[in-house]
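Here is the structure we will look at.
The values are calculated or read from the model by the stated rules, or taken from the named source; none is laboratory data. As the structure is a prediction and not an experimental result, all values here were calculated from the model. Here Cβ is always computed from backbone atoms with ideal geometry, including for glycine, and neighbour counts include all displayed protein chains. Areas reflect the complete protein model, heavy atoms only, side chains present, ligands, DNA and RNA absent. Shrake-Rupley method; radii C 1.70, N 1.55, O 1.52, S 1.80 Å.
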Amino acid sequence: AAQVLLDEEMLYFVDTEQKTVVSVEIGSKKAAKAAVATENTIQNTTIFDGQPFFLTSSGVGSVTDLSQDSEEAAYQEEIAEGDSNRNARFISSYETYLYVLNPEKRNIFRYSSGDEEFSDPIGWMQEVSRGLDFSEVTSISVDGDVWLGMKDGRVLKFTRGQSEEFSIRGM
């Protein structure tokens, strides 16, 4: 598996090359495997509203009903390809928001979940981070703040779109 996703009730193992997902119900340990029915390259994944979401080469989509064994899991496009997610590398979620990091646009775009669809993207970075090489980002995590893992081992923190100093203690 290239990526492992965990929410309160489910564990997902995602093979981005083979486009397959193994889901495991945490309580019962019941497992199921399904192919993700998309022709697009899967770049990155996240859990949003209890479902796996995929950043693909043509936008953002989700799959549902992975609890049953099936040949293919129905892939549904949630956000069409656009300037904000074209050539994006990472996706993360927090509460009702999806965050997409696009190194070419040198920004993180935030989509808000509405009743039936997602909002237009908003450039989340308040400052064009001087000196931040977006191509050096290796991971993103969001907990209200946005955390970026960098190739050189640094961890960067952004609050409300602006960089914030912090220190890691005890290491």
Members of the range 88-111 that are open to solvent by 40 Å² or more (accessible area, probe 1.4 Å) and of a type in the set (Gly, Ala, Ser): none
Residue match in the range 98-118 (condition: free of Cβ contacts under 8 Å to residues at least 24 places away in the same chain and either farther than 30 Å from Thr38 by Cβ or β-branched (Val, Ile, Thr) (or both)): no
Residue list for the range 1-23, filter: buried (at least 18 other Cβ atoms within 10 Å of the Cβ) and over 17 Å from Thr56 (Cα atoms): Met10, Tyr12, Ser23
Selection from the range 76-115 of residues that are small (Gly, Ala, Ser) and either part of a strand (DSSP E or B) or in contact with a Lys or Arg (Cβ under 6 Å, 6 or more places away or on another chain) (or both): Ala80, Ser92, Ser93, Ser112, Ser113
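Considering only residues of the range 145-159 that are within 16 Å of Ser92 (Cβ to Cβ) and open to solvent by 40 Å² or more (accessible area, probe 1.4 Å), which is nearest to the chain's Cα centre (by Cα)? Step through it out loud before you land on a result.
Taking the range 145-159 first, the residues within 16 Å of Ser92 (Cβ to Cβ) are 145-150, 155-159.
From what's left, open to solvent by 40 Å² or more (accessible area, probe 1.4 Å): 147, 155.
Details: Trp147: 13, Val155: 18 Å.
Per the criteria, the residue is Trp147.
Pull up the range 116-129, narrow it to residues that are farther than 24 Å from Lys157 by Cα and assigned to a loop (DSSP other than H, G, I, E, B), then point me to the one that is modelled with the lowest pLDDT.
Among them, the one singled out is Glu116.
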Among residues of the range 106-115, those that are within 15 Å of Val60 (Cβ to Cβ) and of a type in the set (D, E, K, R), counted: 1
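Please pick out the residue among Leu132, Leu156 that is among the aliphatic types (A, V, I, L, M) and not in a loop (DSSP other than H, G, I, E, B). Show your work before the answer.
Values: Leu132 fails: not in a loop (DSSP other than H, G, I, E, B).
Exactly one of Leu132, Leu156 is among the aliphatic types (A, V, I, L, M) and not in a loop (DSSP other than H, G, I, E, B), namely Leu156.
To keep it simple, each residue is scored yes or no on (1) closer than 17 Å to Glu117 by Cβ; (2) without any contact (Cβ under 8 Å) to a residue 60 or more places away in the chain; (3) aliphatic (A, V, I, L, M).
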residue: Gln3; (1), (2), (3): no, yes, no
residue: Met10; (1), (2), (3): no, yes, yes
residue: Ala35; (1), (2), (3): no, yes, yes
residue: Gln76; (1), (2), (3): yes, yes, no
residue: Ile79; (1), (2), (3): yes, yes, yes
residue: Ser84; (1), (2), (3): yes, yes, no
residue: Thr96; (1), (2), (3): yes, yes, no
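Suppose we keep only residues that are farther than 16 Å from Gly61 by Cα and part of a strand (DSSP E or B) within the range 24-49. Which one would you say is most open to solvent (accessible area, probe 1.4 Å)? Show your work before the answer.
Start the filter on the range 24-49 by keeping residues that are farther than 16 Å from Gly61 by Cα, which leaves 24-33.
Still in the list and also part of a strand (DSSP E or B): 24-25, 31-33.
Working: Val24: 29, Glu25: 58, Ala31: 57, Ala32: 6, Lys33: 120 Å².
The extreme case among them is Lys33.
Criterion first (of a type in the set (Lys, Arg) and on the phi < 0 side of the Ramachandran plot) does Lys19 satisfy it? Can you show your working first?
On the way: of a type in the set (Lys, Arg): yes; on the phi < 0 side of the Ramachandran plot: no.
Considered against the rule, which asks whether it is of a type in the set (Lys, Arg) and on the phi < 0 side of the Ramachandran plot, Lys19 comes out as no.
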Residue check, Phe54 outside any loop (DSSP other than H, G, I, E, B), open to solvent by 10 Å² or more (accessible area, probe 1.4 Å), under 25 Å from Lys151 (Cα atoms) and in contact with a Gly (Cβ under 7 Å, 6 or more places away or on another chain): no
